[in-house]
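Report on the following structure.
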Amino acid sequence: MQLARRMNRLGTESAFEVLAKAKALEKDGREIIHLEIGEPDFDTPGHIVAAAQQALSEGHTHYVPAPGIPELRNAVTDFLTRNERLAASPEQVVVTPGAKPIMFFTILALCEEGDEVLYPDPGFPMYASITRFAGATPVAVPLRESNGFTIDPGELDSLVTDRTKLLILNSPHNPCGSSLTKEQVEAIAEIALRRDLLVLSDEVYWALRYGGEQHSVLDVPGMAERTILLDGWSKTFAMTGWRLGFGVFPTPLVEPVTRLAINSVSCTSAFSQHAAIAALTGPWEEVERMRSAFAERCEVITSGLNAIPGVSCVRPGGAFYAFANITELGRTAAELSDLLLERAGVAVTPGTAFGGYGEGYIRFSYANSTENITAALAAVERVVRDELS
């Protein structure tokens with residue numbers, strides 16, 4: 001069977017490949033501590049589950065409008081307004097099965113051969129993968145440890161050409177846990193306005209930030225008209241398996257994106273949208289409890305990694321990832337990740353899974369219990385001491 005050539009341009013998400021290796025070892029009887037996969041280890045709050053159960057019992061099991069039910073689209077804009085993130089119309093909201101379709105639909109609707117898309121590297125691997133699949137050219141914007149793993153506006157400006165169509169931002173950031181400052185988003189917005197760039201602002205980790213305000217290009221006047229906001233329920237409400245995401249689009253993009261949704265997924269499941277309303281309008285205590293737990297784990301894993309000889313780690317400002325520098329250990333990121341899985345029983349993701357600038361780093365997800373994180377750190381230290389020192 002001969003595949004279409006376009007499939008050669010489509011990448012994958014390596015954390016799931018590491019997960020598969022770890023699961024295979026577990027089937028052989030090995031005990032593995034999972035620090036590779038990026039999903040909250042908390043249960044979905046009970047009032048959200050109850051809302052889904054009620055929706056099912058009330059018969060919400062049929063087709064619904066492709067961009068989402070009106071009640072949910074209203075709830076999204078009310079939620080964004082309440083949190084002072086964005087003032088938008090419900091008609092600008094498109095709800096999808098997970099947040100990835102928002103990336104896919106945005107890039108497919110806007111970019112074609114000859115266009116360039118600027119994306120963060122290290123960064124979520126789907127940015128470059130989808131761009132290549134659409135026929136456009138991904139252009140890496142380096143995130144350097146010396147700059148706190150954030151975009152240098154001057155370097156960004158130097159990478160813009162007359163072919164640049166779209167800039168992708170992610171803050172708080174996967175895999176580095178970094179967040180853009182107010183000064184940075186203002187400088188980036190100035191570049192976007194001056195160079196006529198569209199922006200996809202991936203803010204799925206918005207609620208998971210520690211010790212500081214969240215800053216977005218959407219805070220800058222004039223950016224709402226050229227920015228797509230990407231968010232969802234997976235990270236904020238521990239709903240990864242529900243597959244719920246949304247985008248808020250400038251008005252001219254709503255119809256084309258809705259058409260892409262109709263052609264690909266028809267609509268997002270009806271009952272889950274009622275659960276999504278309950279999440280946005282219900283109590284916030286469970287989200288805060290989860291955020292507080294991640295903040296505590298952040299301290300544990302950062303201090304623990306920095307105590308391992310040859311390893312250093314910048315303290316994350318959000319999300320639930322620690323991006324550790326392992327260059328002094330004399331192994332590539334992939335080699336060390338394999339070694340830690342085999343010898344320590346700790347599953348992690350090599351930095352190169354997130355782009356070429358990730359070499360020399362390993363991503364540790366601290367979406368696991370403090371007990372397991374502490375055990376993983378001890379196992380990693382033993383391997384480093386016994387096999388690499």
Q: Please enumerate the residues belonging to segment 249-274 that are closer than 25 Å to SER201 by Cβ and of a type in the set (A, V, I, L, M, F, W, C).
A: PHE249, LEU253, VAL254, VAL257, LEU260, ALA261, ILE262, VAL265, CYS267
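List the helices (runs of 4 or more DSSP H) inside segment 210-311, counting only whole elements, that have at least 2 residues being over 30 Å from LEU166 (Cα atoms), open to solvent by 20 Å² or more (accessible area, probe 1.4 Å) and not hydrophobic (A, V, I, L, M, F, W, C). Can you show your working first?
Details: elements: 251-264, 270-281, 285-306.
Answer list for segment 210-311: 270-281, 285-306.
If you take the residues in segment 245-265 that are over 20 Å from the mean Cα position of the chain (by Cα) and small (Gly, Ala, Ser), which one is farthest from LYS235 (Cα to Cα)?
The initial filter retains those residues of segment 245-265 that are over 20 Å from the mean Cα position of the chain (by Cα), namely 250-265.
Add one more test, that the residue is small (Gly, Ala, Ser), and what stays is 261, 264.
Working: ALA261: 22, SER264: 24 Å.
Filtering first and then ranking leaves SER264.
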Q. Looking at segment 120-129, is at least one residue open to solvent by less than 20 Å² (accessible area, probe 1.4 Å), among the polar types (S, T, N, Q) and closer than 28 Å to GLU359 by Cα?
A. yes
Q. Which number in (1) open to solvent by less than 60 Å² (accessible area, probe 1.4 Å); (2) closer than 30 Å to ALA379 by Cβ; (3) not basic (Lys, Arg) marks the one condition that VAL95 misses?
A. (2)
Q. If you go through segment 336-380, how many residues are closer than 24 Å to LEU143 by Cβ, in a loop (DSSP other than H, G, I, E, B) and not β-branched (Val, Ile, Thr)?
A. 5
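In segment 184-204, which residue that is open to solvent by less than 10 Å² (accessible area, probe 1.4 Å) and not small (Gly, Ala, Ser) is farthest from the chain's Cα centre (by Cα)? Spell out the reasoning first.
Step one: filter segment 184-204 for residues open to solvent by less than 10 Å² (accessible area, probe 1.4 Å), giving 185, 188-189, 191-192, 197, 199-203.
Narrowing further to those that are not small (Gly, Ala, Ser): 185, 188, 191, 197, 199-200, 202-203.
Details: VAL185: 18, ILE188: 20, ILE191: 23, LEU197: 22, VAL199: 16, LEU200: 12, ASP202: 7, GLU203: 7 Å.
That would be ILE191.
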Q. For segment 244-255, does any single residue satisfy the condition of being in contact with a strand residue (DSSP E or B) (Cβ under 6 Å, 6 or more places away or on another chain), of a type outside the set (Ser, Thr, Tyr) and more than 22 Å from HIS173 (Cβ to Cβ)?
A. yes
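Got a sec? Which of ALA347, ALA333 is modelled with pLDDT of 95 or more, open to solvent by less than 10 Å² (accessible area, probe 1.4 Å) and in contact with a His (Cβ under 8 Å, 6 or more places away or on another chain)?
Numbers: ALA333 fails: in contact with a His (Cβ under 8 Å, 6 or more places away or on another chain).
Going through ALA347, ALA333 in turn, just one is modelled with pLDDT of 95 or more, open to solvent by less than 10 Å² (accessible area, probe 1.4 Å) and in contact with a His (Cβ under 8 Å, 6 or more places away or on another chain): ALA347.
Can you name the residue in segment 162-182 that is open to solvent by 50 Å² or more (accessible area, probe 1.4 Å) and assigned to a loop (DSSP other than H, G, I, E, B) and, of all such residues, is nearest to THR131 (Cα to Cα)?
Filtering segment 162-182 down to residues open to solvent by 50 Å² or more (accessible area, probe 1.4 Å) leaves 162-163, 165, 181-182.
The next check asks that each one be assigned to a loop (DSSP other than H, G, I, E, B); those that pass are 162-163, 181.
Values: ASP162: 17, ARG163: 14, THR181: 27 Å.
Going through the qualifying residues, I end up with ARG163.
The values are calculated or read from the model by the stated rules, or taken from the named source; none is laboratory data. These numbers come from a predicted model, not from an experiment. As a convention, Cβ positions derive from the backbone with ideal geometry for all residues, glycine included, and neighbour counts pool all protein chains shown. Side chains included, ligands, DNA and RNA excluded: accessible areas come from the protein's heavy atoms. Shrake-Rupley method; radii C 1.70, N 1.55, O 1.52, S 1.80 Å.
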